[in-house]
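A short write-up of the structure that comes next.
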């Protein structure tokens with residue numbers, strides 16, 4: 001074949017690729033237009049066309065890691081924003097343009113000139129997020145994270161589009177290398193799924209969780225999926241049998257409705273297995289039933305709620321209801337706007353089945369969040385409905401108001417702030433009653449102190465306890481749903497560091513920390529004045545060097561600590577410190593004596609200085625292999641104690657050390673969000689040559705000889721060395737921990753199964 005023929009083949013192949021790309025892009029854009037035109041928003045097709053053509057030109061020639069044209073990503077984000085969240089033309093345009101400023105030479109000013117200030121402002125907010133805590137320079141960028149939250153509180157569409165962007169990235173995460181998958185999946189679970197939950201985007205929240213779970217722990221995800229599929233026919237048969245009498249009675253009452261079976265998602269199943277410490281076979285609430293009805297009198301919210309209770313009575317008269325598992329989210333909706341009645345019924349087959357009852361409008365809001373509210377607003381159909389997304393939704397206003405309040409006194413680091421915000425995102429809720437009979441929604445496990453701060457900061461800072469259901473309780477008392485709470489205060493009460501143990505909500509922790517920081521500043525100022533007075537008394541010039549030497553003499557690590565403890569009255573200065581400083585000064589002049597005042601850990605003998613270990617050579621694109629020869633070069637996280645067989649990842653710290661964590665270690669979860677670019681993929685390649693410590697927790701019924709039975713199984717059957725064993729007994733029950741020396745997780749699982757077979761042993765789990 002001639003050179004010309006080869007060149008012509010290349011040209012033909014390139015043209016064919018361009019045509020295929022064009023067809024792919026046009027099909028995606030047409031789908032977006034069809035979705036938009038079917039929405040209730042005012043149609044601004046010309047503006048959307050303009051944004052699409054501009055974005056396509058800006059990203060021309062660029063491809064994603066998956067190989068498809070880059071413009072497919074903005075199109076997919078816009079499709080999610082419009083089709084799955086319900087946003088309109090402003091958000092569609094912002095989604096199409098969201099990467100233009102970050103990835104091309106165009107600026108926010110260019111977009112403002114072409115598309116107006118609102119679209120430019122949203123794109124600017126999205127760009128700040130990408131460059132802030134979730135970007136390449138992610139560590140400790142508190143200011144960038146605050147910008148994200150401030151932008152979000154100004155226009156919630158910024159975070160809605162960012163969630164759309166993250167959902168598409170998660171759907172296409174397979175093209176990323178392993179260490180990027182761990183970073184992005186961990187970040188998604190830590191902040192984006194909770195954000196979606198708080199905004200009421202239930203379907204998106206569940207998909208984000210399941211996709212993160214699939215990439216973080218693929219083997220466990222696959223196993224649970226197989227177990228769910230294996231039991232699916234049994235669950236479907238139970239569902240069909242369960243709904244027959246309910247359908248009959250609903251038909252008799254004239255309701256138009258849908259009944260859906262809802263099987264628990266893989267991530268939700270796994271989380272329950274972890275929290276309850278039970279295997280898959282002991283998860284009994286895999287099946288739920290959802291009844292979605294059309295109200296008999298449309299447009300009347302009160303009648304709509306009456307219909308919910310009528311359907312509840314139909315269900316509870318058909319099957320026996322669990323007395324402790326009825327939830328009324330109608331009169332007091334969840335903070336994300338969720339409304340429904342929940343009950344749990346015993347089926348004829350002896351299975352507890354949760355039943356959720358809600359109208360079609362309630363269901364739409366439950367699945368699609370605050371965005372669904374626009375579909376039910378009254379007024380001119382030509383109004384750009386998405387521009388009504390604002391503080392008009394009282395629940396959203398309350399949550400955004402909390403975010404703004406937290407930002408008034410920002411935390412010292414991005415991760416502290418992120419953790420504080422996260423406390424406000426993902427919490428089950430209870431209803432607490434004020435002395436006047438008002439209901440307040442609070443996070444589950446909240447305390448008296450949390451409740452006091454939720455009412456007013458002054459009430460919180462002077463809280464000394466409360467009357468809960470007319471009984472006196474301390475500030476750390478955990479509240480339950482239905483408690484009536486009267487906060488007790490005293491003018492002499494003052495915030496103390498121990499209060500941080502009782503503050504569980506973001507607002508309370510933030511306020512307590514703010515007061516403690518203010519007290520610390522006041523104490524430091526007073527301490528500095530004490531040092532000045534002491535220097536004047538002993539005729540010593542107060543300089544920075546003198547304060548440093550005084551810290552050494554008083555064995556304090558910093559001038560701030562010295563001043564604070566002096567100001568708080570925890571220590572004092574006397575003539576002895578002045579004498580020590582004078583000796584120190586003489587020792588420096590003579591070259592003697594100074595070393596004796598340096599703390600021992602600062603002294604180093606050149607002969608005894610250990611040789612620095614060779615720095616690790618890390619290829620971040622490849623997994624770190626943990627084998628029998630190189631394990632000494634890695635540090636195992638003491639918190640989660642990974643052993644061979646655990647799914648793990650590595651973290652490259654500032655000292656170039658690689659710390660190995662379990663993928664679900666809480667510390668690793670934070671690192672994936674704060675320092676995601678230092679996350680490394682890691683794999684075991686050990687051959688049962690080295691031993692590792694593993695701790696097993698046991699609970700059961702006490703009997704004579706139970707301890708001997710336990711040790712026989714461990715030491716005789718498995719010839720395993722026991723490092724530590726603690727057993728406590730009370731009222732005929734026992735619980736304890738056993739620390740063993742094992743090769744891998746297979747050893748642990750085998751030992752656990754054999755321990756479970758011992759008479760009297762009820763529960764055996766591995767703990768970190």
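Values in this text are rule-based calculations from the coordinates and carry no lab data. Quantities reported herein were computed from a predicted structural model and do not represent experimental measurements. Neighbour counts are summed over all protein chains in view; Cβ atoms, including those assigned to glycine, are modelled from backbone coordinates with ideal geometry.
Averaging the Cα positions of each part gives two centres, and for region 273-305 and region 236-253 these lie 15 Å apart. Between residue 306 and residue 234, the simple spin-label model (points 7 angstrom out along Cα→Cβ) gives 4.4 nm.
Projected label points at residue 484 and residue 543, each 7 Å from Cα along the beta carbon direction, are separated by 6.9 nanometres.
Considering every alpha-carbon pair of region 40-133, the percent of pairs per 5 Å bin, from zero through the bin containing the longest distance, is 2, 15, 25, 27, 20, 9, 2, 0.
When each pair of different Cα atoms in region 658-741 is counted once in the 1/r mean, what is the Kirkwood radius in angstroms, to one decimal? Computed over Cα pairs of region 658-741, the Kirkwood hydrodynamic radius comes out at 16.0 Å. Convex hull volume of the Cα atoms of region 429-504, normalised per residue: 77 Å³. Modelled label positions at residue 500 and residue 46, each set 7 Å beyond Cα in the direction of Cβ, lie 5.9 nm from each other. Once the Cα-Cα distance is subtracted from the 0.36 nm per residue extended length, the residue 754 to residue 273 segment shows a gain of 171.2 nm. The listed peptides 439-446, 627-634, 178-185, 60-67, ordered by packing as a protection proxy, come out as 178-185, 439-446, 627-634, 60-67 (highest mean of other Cβ atoms within 10 Å first).
Extension gain for residue 701-residue 66 works out to 223.0 nm (0.36 nm per residue, less the C-alpha to C-alpha distance). Remark on region 219-376: Rg and Dmax equal 16.6, 50 Å (Cα only). Diffusion coefficient of region 484-588 by Stokes-Einstein, Kirkwood radius over Cα pairs, 37 °C, 0.692 mPa s: 206 µm²/s.
In whole angstrom, note down how far apart the Cα centers of region 694-735 and region 13-90 are. Between the Cα centres of region 694-735 and region 13-90 lies a distance of 62 Å.
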